[in-house]
Amino acid sequence: MITIFTTPKPFQGHTGVIQRNALKSWTLLHPDVEIILFGNEPGAADICREFGLRHQPVVERTEDGPPSVRFLFGRAQQIARHSIMCYSNCDIVFGGDFLRAVERVLDWPQRYLIVGRRWDTDVTAQLDFSCAQWETKLRELVFREGVQRLHYNIDYFVFPKGLYTSIPPLAVGRPYWDNWAVWNASAEKALVVDVSEVVVAVHQNHDYSSHPQGWQGVWYGEGSKRNFALAGGYRHLHTIEDATHRLTEQGIEPRRLYFLAPARRFIRRRVKWVRDNVRVRIWHPLLGATRAARHAIGLRHENFHFSWRRQERKHEFDR
């Protein structure tokens, strides 16, 4: 079977609710699933006793506080009861489709890493797992109101024990470590399998109040810059777009154009650079120079309603 390991935030408020939801869903995957919870955040010991999880309270941390990826992956592989490992963020709800997808890939005689796109969904209350239809009801909510994230958000990794042996001192909870993990699997000659088509991994939306500067601090703070440097820069930052294979209802299929992913990323970065420079150097000065004239004839931003986005933005990186 499989060992799932994670590290939580304090079990308080809305964060506590969604973490309980995630952990409970994992316990229901199979009677032999092993779950290891790293860290001694408030409420962690209690939840481990309640759900029968393995608790590892001692965690090595990086310079700015978050747990160390090197420690989590290294220690989990040392103590896990099973040979199949899964790291997941502690806000992801898994259903039966997740375990079925893993079992299908296990029949494949190749070294692998399993990843998938998540579904961002507003979950504000504790899920009723006593209801036999809890998974069906959650999927209905996801498909009605959720948004499937793009390829750059990677919240879970399934891999055979021993795949990750040399990890830089990256920090969990900051960008780029997950991208490095995909790159490293490829560097170790593992085939990366995208299971997004068959797995509905529910990411329960949350705020970034755990960081003093909110999401800006998480994504653009010193911890983010440090992870970027330790990961080796853009050359070592892969995404789900780099997956060599995908799992469909018919089976595992090769992705023929996966090798174009680095070129696509480079083009997107250049387009963003041009767009940002046009906005700052041309558009904003133009707006400032014409503000008085525009206001005099009633051309104000609040008088216009734009609906060019197909759906409400759910993530700060969706520009």
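The values are calculated or read from the model by the stated rules, or taken from the named source; none is laboratory data. A quick note: this is a predicted structure, and the numbers were derived from the prediction, not measured. Quick reminder, even Gly has a Cβ in these numbers, built from the backbone with ideal geometry, and neighbours come from all protein chains shown.
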Taking strands (runs of 3 or more DSSP E) that fall entirely within region 112-221, which contain at least 1 residues that are among the charged types (D, E, K, R)? 118-121, 191-194
Given the criterion surrounded by 15 or more Cβ atoms within 10 Å (Cβ to Cβ) and touching a Leu at 6+ places or on another chain (Cβ under 9 Å), identify the matching residue among 53, 72. 53
Evaluate the following for residue 297: is it more than 23 Å from residue 152 (Cβ to Cβ), exposed (fewer than 10 other Cβ atoms within 10 Å of the Cβ), more than 21 Å from the chain's Cα centre (by Cα) and modelled with pLDDT of 75 or more? yes
Subset of region 173-210 [within 21 Å of residue 221 (Cα to Cα) and touching a Gly at 6+ places or on another chain (Cβ under 6 Å)]: 174, 208
Contacts under 8 angstrom Cβ, first residue in region 1-24 being without any contact (Cβ under 8 Å) to a residue 40 or more places away in the chain, partner of a type in the set (Val, Ile, Thr) and not in a loop (DSSP other than H, G, I, E, B), 6 or more apart: 11/47
Can you find a residue that is over 18 Å from residue 113 (Cα atoms) and either without any contact (Cβ under 8 Å) to a residue 24 or more places away in the chain or in contact with a Phe, Trp or Tyr (Cβ under 7 Å, 6 or more places away or on another chain) (or both) anywhere in region 80-91? no
Here the residues within region 128-166 that are over 17 Å from residue 21 (Cα atoms) and of a type in the set (D, E, K, R) are 144, 145, 149, 161
Given (1) closer than 27 Å to residue 75 by Cα; (2) at pLDDT below 95; (3) not acidic (Asp, Glu), residue 201 misses just (2)
Hey, any hits in region 62-82 for a residue that's in contact with a helix residue (DSSP H, G or I) (Cβ under 8 Å, 6 or more places away or on another chain), modelled with pLDDT of 95 or more, in a loop (DSSP other than H, G, I, E, B) and not small (Gly, Ala, Ser)? no
Residues in region 58-65: is at least one among the small types (Gly, Ala, Ser), touching a Pro at 6+ places or on another chain (Cβ under 8 Å) and more than 16 Å from residue 158 (Cα to Cα)? no
Can you work out which of the residues in region 222-233 that are assigned to a helix (DSSP H, G or I) and surrounded by 14 or more Cβ atoms within 10 Å (Cβ to Cβ) is modelled with the lowest pLDDT? 223
Assuming residue 4 fulfils every condition listed in (1) part of a strand (DSSP E or B); (2) in contact with a His (Cβ under 7 Å, 6 or more places away or on another chain) apart from one, which condition is it? (2)
With touching an Asp or Glu at 6+ places or on another chain (Cβ under 9 Å) and farther than 19 Å from residue 68 by Cα as the only criterion, which of 140, 135 stands out? 135
